[in-house]
Amino acid sequence: MYFIIRCPGCRTFMYADRYQKWKLCPACGESINCLKTPIYIEVDNHSDAETIVSQLEKYLHNSRKKDLSASELEKLRIQYAQWLRNKKD
Ligand SMILES: [Zn+2]
């Protein structure tokens, strides 16, 4: 299980192992406290995490938004849950 998080300093998306307490931001070098930073979504494995990180970055870039709204986040979580279910069938 991995958490998708965002660097509070430079706003880069990344993922952290669920048991990891600290994550070093690959872009700006900030130490991120995984227990205190908001979790965007929890995913099964690191390849899903990589896919979602790049989708999130693309989405925000294309929509010129700074962050996801609560309803966009909810939609993302629902889509991921559905996608997971389809993958297992
Ligand atoms: Zn950073």
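The values are calculated or read from the model by the stated rules, or taken from the named source; none is laboratory data. Note that the structure is a prediction, hence the values are computed from the model and not measured. Positions of Cβ are generated from backbone atoms using ideal geometry, with glycine treated the same way; all protein chains shown enter the neighbour counts. Only protein heavy atoms, including side chains, enter the accessible area calculation; ligands, DNA and RNA are left aside. Shrake-Rupley method; radii C 1.70, N 1.55, O 1.52, S 1.80 Å.
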- prompt: Given N residues in the chain, what is Rg(Cα) / (2.2 N^0.38 Å)?
  reply: 1.07
query: If you place +1 on the Cβ of every Lys and Arg, -1 on the Cβ of every Asp and Glu, and leave all else neutral, what size is the dipole of the chain about its Cα centre, to the nearest 20 Debye?
result: 200 debye
field: Dipole of the chain [Lys/Arg +1, Asp/Glu -1 at C-beta], most positive-end residue of 81, 15, 38
entry: 38
- prompt: What range in the chain is the longest one free of trypsin sites (Lys or Arg not before Pro) that are in a loop by DSSP and have at most 13 other Cβ atoms within 10 angstrom?
  reply: 37-63
message: No partner Cβ under 4.7 angstrom, meaning no disulfide-compatible partner by this rule: which Cys of the chain qualify?
response: 34
field: Directionally averaged projected area (convex hull, Cα atoms, region 3-42), nm²
entry: 2.3 nm²
task: Summarise the accessible area of region 1-87 (1.4 Å probe, protein heavy atoms) by the percent that is carbon and sulfur.
output: 52 percent
message: Can you pull out the chymotrypsin sites (Phe, Trp or Tyr not before Pro) in region 1-53 whose DSSP state is coil and whose Cβ has at most 12 other Cβ atoms within 10 Å?
response: 19
